[in-house]
Each structure stands twice: as C-alpha cells, then as structure tokens.
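Comments concern the structure below.
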Amino acid sequence: MEYKKLGNICNIVSGGTPSRSKSQYWDNGNIPWIKIRDIKSKYIEDSEEFITIEGLNNSSAKLLTKGTVLYTIFATLGEVGILKIDACANQAIAGLTVKDETKILPEYLYYYLKSKKNIVNKLGRGVAQNNINLSMLKEFEIEVIDIVKQNNIIKTLNYVDDIIKFKSLELKQLDELVKARFVELFGDPATNEYNWPMLNLENVSSIITYGLTVRPTYVNKGIDLISARELHKGFIEYEVAPKISFNDFQSLSDKGKPLKNDILFSKTGSIGHCALVDTDKMFAITQNAARLGLIIEKVNPVWLLYYLRMNYIQDWCKRHAKGNAVKDLQLKDIKAIPLFECPLELQNQFADFVKEVDKSRLEVQKSLKKTQELFDSLMQKYFG
C-alpha cells in the first residue's frame, strides 16, 4: 500500500467571504458562492448566493474551477462535493484540486474523503469550535492505488449511489403525492379556497404540553428520549434517540409520556417538525418537543399531521417563534395555530389514502436501507 499526503497530491486553498457591508460585492453578482448547506449531493451545480467580480477581487475568496473537490473544515466537518461549475466558497470550505489526474482521480478522492468523515470529526473535536485547518488537512493521508482500480471503484460506487438517489426520489415523490391529495380534498391553508370555518389547534386537543425540563442521565439500554431532532418528515427516529433508565422514566410526569395517536411537534430550534406517534411503545420527550394529545372524535391524527406540515402552517409557526440565537414557539402560540374545521369523514378518507401510500413507502424504505447498507459495506471494503 502506498499512502500520500493530501498536500502532496492536491493544491489546497480555503475560501473567503467578501464584506457584507459592501453592497457592490453582492448585488447582481453572477459568481456562485458556495456555503456548507449548498453541499447537498456528490455534484454541486448551484448556490444560494452569488458575488460580483469586485467582491472576488477584494476579498480572500478564490475562484475554484469545475472539478474541484470541496471539503468542509469548520463546524460541520467532512462533507464532500465536486464542483460541476466554476465557483467560490466561504472560509468553512477547502478546495482541493488534484495535481495529476493520471495518479489520482477526483471522484476517487471524493469517495475516499467521504469514507473518513468519522475520523475527521474525531480529529476536529479536539480543536476549538470543531474545525480543522489547512495544515492539518494537508497532512491527511490517502491511499494511492492503480488508476484502473480507482476507475473500477468509482463505477461500482456510482452505480449503487445512483440507486440510492433514485429510491430517495421515490420517497420524495410519494410525499408530494400525499400533499397533492390533501390540497385536492381540502385546499391550501394559505388561501382556504373551500371556505372552511376556522378553529385553533387547542379546540381539537385534550392536552398541549412539553416534556422533560432537566438534563437526564443517559444509559446504553433503556427508554427512548425523543427530542426535536428525532422528528423527521412525519416520523419519529427512535433508533437514533438517547436512552434513559426505566426508573427515571417512571419518575417523570405523565405529560412527558406521549400516547399512541399523539402528534409531536418541535417547538425549539427547527420549528415545526412534527411526527405521529403510531405505536404503544413507552418513551419520553424533552422540553423542545411539544406533545399534542388529540380529541379523536374531532380530528383524525393523520390528517392533522399533514395539515401541520403544509408550507403555510410551517411558515406561520416560524413567524410566531420568539428568540434571537435559538427560536422557540411558546405553548400559547402552538394552541393558536389556525385550523380548518372540515368533516371528520373527509379527514378519514384522506387518512385511508395515506395508509395505502404508506404501504408503498415502506417497501421503498426497506429497499433503500438495504442499498445503503450495501454502499456502506463497499466503502468499508475499499477504504477500510
């Protein structure tokens, strides 16, 4: 095996940010300026923000050419992408340009760096503010193998990665199908074109509260403690939740112990993420997750889940959140969320449609999980 330092095989530079106080550096800019959240997939083809040529020439920003590998070195470490366009990047991102593509292919470098994310994160946690500098990055070693083998690895991983993207797109399309059916039956909450009478969320709730307010003692095996970050696209991610002991769970107030058909709603930080409790399993919630106990005779929980996930309601919640550094939606505001008063029979009809779609969703999720496991095993096989 031959290992070489990144600094020997790549030209490595950091990005920069033109002064925000200089409007001429930003207004009507046409040079893509990449931030960490622009690195969403393997290839980067667009950016949220653009700078001008004047901004480029009067800052530490650098124009990176198509094919440059971008690597995040501040706060969120180890995210990787390949530029499909010429662009600049901010100082949280390093640009790596391979010196000799007859020795190292950019796509091979991409996958190799992607496989080492956990190692880089451990390295970064030993540094203030969870970052690594260019000197540390240049010392990072990469295994150099025959170019034919690199190409074979790339082809295999690309093939599996494309399947993952396709299945992820299928899930997104199923979600959009349900939202479209919602609008067809009930209209958009932003316009209420069917002129439904309006209620507030508290009118269909038996309880609106939140959970644990003190820092718990975590254990390896125990009862799941769900916070806002475990609420994702209508589902609760129990498998990644921290655990508390059964004794600690028993000592909690019942208000912090959700029941089946409750809805959980993130009230702090990422406002508005919500999920339906569709199981009788025991678990607890933290103070940044609100629990909506519903009056089933008045509202179908599945219908309400999708209502709360509609763009207008999400925006309403964000507008009413308070705080500077960390936003929080108070319980009184959650109770005041505007709500259609529409027939329960029609809500049930929508819920039946969702149930049928969920059957397809489950099959796609199972297939996606197996494909992701295959991808992870291949990464381990190729890069250790």
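Annotations for the structure displayed:
- Remark: region 33-39, residue by residue, has Karplus-estimated 3J(HN,Hα) of 10, 8, 10, 4, 6, 7, 8 Hz, where x stands for each Gly or Pro and the curve is 6.51 cos²θ - 1.76 cosθ + 1.60 at θ = phi - 60°.
- Per residue value of the accessible surface for region 3-58 (all protein chains in place, 1.4 Å probe), Å²: 55 Å²
- Accessible surface of the chain [probe 1.4 Å, protein heavy atoms]: carbon and sulfur percent: 50 percent
- Net length gained if the chain between K260 and K381 were fully extended (0.36 nm per residue, minus Cα distance): 39.4 nm
- Listed residue pairs exceeding 30 Å between alpha carbons, taken from K22/K233; K66/K117; K221/K370; K165/K322; K35/K122; K327/K355: K22/K233; K165/K322; K327/K355
- Sorting K122, K4 by solvent-accessible area of protein heavy atoms yields K122, K4, largest first, with a 1.4 Å probe.
- Against the chain, whose longest principal axis is taken from its Cα atoms, helix 311-320 shows a tilt of about 90°.
- Built from the Cα atoms of the chain, the convex hull projects on average onto 22.3 nm², one quarter of its surface area.
- Between amide H atoms placed 1.01 Å from N, distances below 5 Å from I226 occur with A284, I285, T286, all of them 5 or more places distant or on a separate chain.
- Within the listed set N58, N133, N324, the Gaussian network model of the chain (springs between alpha-carbon atoms below 10 Å) gives the highest mean-square fluctuation for N324.
- Peptides 187-195, 110-118, 339-347 ranked from most to least packed give 110-118, 339-347, 187-195, packing being the mean of other C-beta atoms within 10 angstrom over each peptide's residues.
- Cα centroid separation - region 176-233 against region 368-384, whole Å: 34 Å
- Accessible area (Å², 1.4 Å probe, nearest 10) - R37: 150 Å²
- Cα long-axis angle, helix 106-115 against the chain (0 to 90 degrees, to the nearest 10): 50 degrees
- Nearest-ten-degree value, helix 344-383 long axis tilted from longest Cα axis of the chain: 30 degrees
The values are calculated or read from the model by the stated rules, or taken from the named source; none is laboratory data. Given the structure is predicted, the values throughout are model-derived calculations rather than measurements. Positions of Cβ are generated from backbone atoms using ideal geometry, with glycine treated the same way; all protein chains shown enter the neighbour counts. Heavy atoms of the whole protein, side chains included, go into the accessibility calculation; ligands, DNA and RNA do not. Shrake-Rupley method; radii C 1.70, N 1.55, O 1.52, S 1.80 Å.
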